[in-house]
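First the structure, in the form of structure tokens, and then the observations on it.
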Amino acid sequence: MTIGIELGRTNTGAAGMMDLEELLATRLLVQGNSGSGKSHLLRRLMEQSAPWVQQAVIDPEGDFTSLADRFGHLVIDAAAHPEEAMAAAGDRVRRHRVSVVLNLEGLEVDRQLRHTAAFLGGLFDAERDHWTPMLVVVDEAQLFAPAAGGDTSDDARRASLSAMTDLMCRGRKRGLAGIIATQRLAKLAKNVAAEASNFLMGRTFLDIDMARAADLLGMERRQAEQFRDLQRGHFIGLGPALSRRPLAMRIGVVETQSRGSGPSLTPLPQTAPEEARELILAAPDPVAPRPARRPPPAPPADILAQLAQASATPRGPAIRVAEPEPSPEEAAERETRTRAILHEMLAEEDAAFRPIGVLYQDLLVRLRIHAVSGRPPELPAFRRMLAVARAGVPPEAANDPGWPEAAARADGLPEDTQGVFLLLAHAARQGLPCPSDAAIARAYGSRSAGRARRLLAWIEEQGLIVTRPAAGGRRIVVLVGLAWETAPGDPAAA
Ligand SMILES: Nc1ncnc2c1ncn2[C@@H]1O[C@H](COP(=O)(O)OP(=O)(O)OP(=O)(O)O)[C@@H](O)[C@H]1O
Ligand SMILES: [Mg+2]
């Protein structure tokens, strides 16, 4: 019997199918840059296959725990258990045929590697009687099977690399099918990547990753250029479980939600009409007649422009009469007020970690309450403002003659990482201690120190910064080309 699951739709509207039985024998590698839709794809695959096959997910960020509510996966919070318990858990998972999510959130990277190695070892070493088919999904596989040494201990890295190699090279006989996803193919150990016969390639920017992808797929490098232009959620599939020829498909919808998802449409808060009237109409600014609607000011081209505008305009209440077009000063003032409101919002506990959709709705309500006239910022402009506000870079930074260069560099980065870069740039310019993992994570809207460290490593890979160790486990960040340097800072500081 062939069991096919529908991953998505091809360009012609046909179903993009995955043959489950073939997948068990031939494994899968998913690669694509951050935000290309890998985790969504894994989720779709797991949801569709959950009724057919047992599953284990190695989940570094706790993104997949919601599978438990809908499909009954057992969530193992690795941080709550010692490493020794992991091998036994792996063994019992096979014995009792329970689908699980190994949630590694909250563990230091070293312990993430050790726990994973022990758990995979338990799955692998199960007695022959229990060798029933199982999908073993590893998101962010480059963490567990890195191509080169990183900042983890040799022991932990060796253990997890060897467990991943066993999974991919020798797992098939034992019923284990490795499904691995990575942002950076060049960072994934070659022997681990090479054991997958099915590929789903998403958007890929860097030449080195593209070259590795072309090699694996047996494509001309020129052909691999198409990966650069893929949209989020679009992948090119190839392999015995997918298609004999490269097949473009858009991954379908999912039933459960990622905890780690970015901006999303969220329902408006349930505000009773009377309460809303209070909120919106109670305290109109007595001196500011509400101006007629005008077209919005053009969003500033970059963060520099925002910072510069902020510093160029004095703060204060808006006293303006209606005009056909907002002057640059007015637009700047509106921005300043918007930013002040945003600042106030982010000062509330936990606000920095709320989903961007919720923060945006909150801002819209507050803009109305504060009678800030004109069209509110569009979502992309809001995202940039949020990045700067979260990073806590003071607007005065724009007065510094060195800023244009730093801001121009930030502009080349994805919007949600710009704030982190500016946070580092500000600390380096002022000679302040290097921001801690917690501060970097917060500027990124996350609580995960691991994510902060990976982001730092990624910015370094982009050639924008160099991190250097300093005495006492502290670190220094230097801005490439500007020679600005932070003082030594403790990565673990609160
Ligand atoms: N096929 C799709 N349909 C609808 N939304 C999608 C699709 N693929 C991805 N998304 C959305 O895009 C966002 C980013 O996707 P996802 O988290 O899967 O990216 P990723 O490649 O895993 O990124 P990272 O490497 O940073 O973890 C998510 O909010 C996700 O819901
Ligand atoms: Mg992901």
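Just so it is clear, none of the values below were taken in a lab; they were calculated from the coordinates. Since we're looking at a predicted model, the values are computed, not measured. Here the Cβ positions follow ideal geometry from the backbone for every residue, glycine too, while neighbour counts run over all protein chains shown.
Things worth noting here:
- Estimated inter-spin distance, Gln223 and Ser153, nm [label 7 Å along Cα→Cβ]: 4.6 nm
- The stretch 404-494 - Debye-derived log10 I(q)/I(0), Cα point model, q = 0.13, 0.23 Å⁻¹: -0.35, -1.19
- Take the Kirkwood radius over Cα pairs of the stretch 153-266, plug it into Stokes-Einstein at 37 °C and 0.692 mPa s, and you get 206 µm²/s for translational diffusion.
- FRET efficiency, 1/(1 + (r/R0)^6) with R0 35 Å, evaluated for Asn11 and Leu206 via beta carbons: 0.85
- Spin-label model distance (nm) - Ala276 vs Asp350, 7 Å beyond Cα toward Cβ: 2.5 nm
- Fully extended contour minus Cα-Cα distance, from Val365 to His81, at 0.36 nm per residue: 97.8 nm
- Across the stretch 404-494, C-alpha contacts under 8 Å between residues 6 or more apart give a mean separation that, scaled by the residue count, equals a relative contact order of 32 percent.
- The Stokes-Einstein estimate for the chain, based on a Kirkwood radius over Cα pairs and taken at 37 °C with 0.692 mPa s viscosity, is a diffusion coefficient of 133 µm²/s.
- Label separation (His96 vs Val253): 3.4 nm, computed from points 7 Å beyond Cα along the C-beta direction.
- Footprinting exposure proxy ranking of Thr338, Thr486, fewest other C-beta atoms within 10 angstrom first, gives Thr338, Thr486.
- Cα centroid separation, the stretch 3-30 to the stretch 45-77 (Å): 19 Å
- Note on the chain: dipole from Cβ charges, positive end direction compared against Leu238, Val466, Gly150; the farthest Cα belongs to Leu238.
- Under 5 Å between amide hydrogens, built in the peptide plane, is the criterion, and for His73 it picks out Ala68 among residues at least 5 positions away or on other chains.
- Exposure proxy shown here: for Ser448, Ser36, the number of other Cβ atoms within 10 Å sets the order, fewest to most, as Ser448, Ser36.
- By the count of neighbouring beta-carbon atoms within 10 Å, fewest first, Glu127, Glu47, Glu6, Glu140 end up ordered Glu127, Glu6, Glu47, Glu140.
- Amide hydrogen neighbours beyond the local backbone of Leu7, cut-off 5 Å, H modeled: Gly16, Met17, Met18
- Label zone at Asp129 (point 7 Å along Cα-to-Cβ), backbone N below 19 Å, the stretch 81-96: 88-96
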